[in-house]
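Reviewing the structure listed below.
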Amino acid sequence: MSTVTSLPTRRLPEPAAALQLIKPITWFPPMWAYLCGVISVGVPLGGSLTFVILGIILAGPIVCGMSQAANDWCDRHVDAINEPDRPIPSGRIPGRWGLWIALAMSVLSLLVGSLLGPWGFAATIVGVAAAWAYSAEPVRLKRSGWWGPGLVGLCYEGLPWFTGAAVLSAGFPAWEIVVIAALYALGAHGIMTLNDFKALEGDRQMGVNSLPVTLGPRRAAIAACWIMALPQLAVVSLLAIWDRPLFALAIAAALAAQLAAMRVLLRDPKGRAPWYNGTGVTLYVAGMMVAAFALRGIA
């Protein structure tokens, strides 16, 4: 006869698990986009360095971290299927601690956002609301393979870019900046679709209609490639029209390299999606910064 010893349930989160919950690896895109917004305005940074640093911290560790905590809490049942070792389903963040962390960070986001002036605060409100609308019932836009990735792309690339430009210019940014930011936000829909491949099985079981679920891996990957490529082609065309040929050429070269990587991706969409996120996406965000510097002489 054997004796089974039950392990005591945790009452407090593991510190390492709490850090894992807010996923530092995901902070880079919005921080980069905020910096692109700052650069695109062309305002000297000497007197605005505090707003730059505060905005980057807000966009990445605070707002993005909050969105990750909210998403993990709302996805805890899906994660129990896809990735049971994640902080909440594994029990390393017990009880409702995941929810409390997400709510506390939502409040912190609004407090820090209020320090960036009316435009920064308004953008923070939009970002916090979008994070909960993406993950939480009854809205849960994550259920849609079109609306969900579109909202995330907007909040990861477009909204931080707009915020950085608005805070530094102390007003609504020039329309050229808004257009370029919107195009890169649209293209990020494809990046988010590729990110959904890792949760394919759990999404299918839990009724999350991501594009890999509804279209199948290959058709979803083809759609993602088109969605990523066409906005960049529009950026190249606009920069050429705005008499920025060298910047347009640099982004065109980055796009050509992405197209080559897309051919590799389409040979095995599910298996190659993580690889593409480390190659093609790097080229995508590099093009964002090139566009930001191009805008300095236009807007």
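The values are calculated or read from the model by the stated rules, or taken from the named source; none is laboratory data. Please read all numbers here as calculations on a predicted model, not as lab measurements. No Cβ is skipped: glycine too gets one built from the backbone with ideal geometry, and neighbour counts run over all protein chains shown. Surface accessibility is based on the protein's heavy atoms, side chains included, excluding ligands, DNA and RNA. Shrake-Rupley method; radii C 1.70, N 1.55, O 1.52, S 1.80 Å.
Residues in the range 195-228 that are aliphatic (A, V, I, L, M) and either in contact (Cβ under 8 Å) with a residue 40 or more places away in the chain or surrounded by fewer than 17 Cβ atoms within 10 Å (Cβ to Cβ) (or both): 199, 200, 206, 208, 211, 213, 215, 220, 221, 222, 227, 228.
Annotation note: of 107, 112, the sole residue that is in a helix (DSSP H, G or I) and open to solvent by less than 30 Å² (accessible area, probe 1.4 Å) is 112.
Here the helices (runs of 4 or more DSSP H) wholly within the range 13-74 that include at least 2 residues being open to solvent by 60 Å² or more (accessible area, probe 1.4 Å) are 15-21, 28-41, 49-57.
Out of all the residues in the range 286-299, which are surrounded by fewer than 19 Cβ atoms within 10 Å (Cβ to Cβ) and in a helix (DSSP H, G or I)? Within the range 286-299, 286, 289, 293 qualify. Please find, within the range 130-158, the residue that is nearest to residue 187 (Cα to Cα) out of those that are open to solvent by 60 Å² or more (accessible area, probe 1.4 Å) and assigned to a helix (DSSP H, G or I). Looking at the filtered set, the residue picked out is 154.
For residue 89, the conditions (1) out of contact with any Lys or Arg (no Cβ under 7 Å at 6 or more places or on another chain); (2) open to solvent by 40 Å² or more (accessible area, probe 1.4 Å) all hold with the exception of (1).
Residue pairs whose Cβ atoms lie under 6 Å apart, sitting 6 or more positions apart in sequence or on different chains, and linking a residue in the range 60-73 that is farther than 17 Å from residue 13 by Cβ and at pLDDT below 95 to a partner that is outside any helix (DSSP H, G or I) and open to solvent by less than 10 Å² (accessible area, probe 1.4 Å), do not occur here. Here 260, 240, 256, 250 are screened, and the one residue that is touching a residue at least 12 places away in the same chain (Cβ under 8 Å) and among the hydrophobic types (A, V, I, L, M, F, W, C) is 250. For the range 199-249, the candidate set comprises residues that are under 20 Å from residue 187 (Cβ atoms) and assigned to a loop (DSSP other than H, G, I, E, B); within that set, the residue that is modelled with the lowest pLDDT is 210. Of all the numbered requirements in (1) part of a helix (DSSP H, G or I); (2) touching a residue at least 60 places away in the same chain (Cβ under 8 Å); (3) not β-branched (Val, Ile, Thr), residue 266 misses one, and that requirement is (2).
Of these, 178, 208, which one is farther than 22 Å from residue 277 by Cα and not acidic (Asp, Glu)?
Among 178, 208, only 178 is farther than 22 Å from residue 277 by Cα and not acidic (Asp, Glu).
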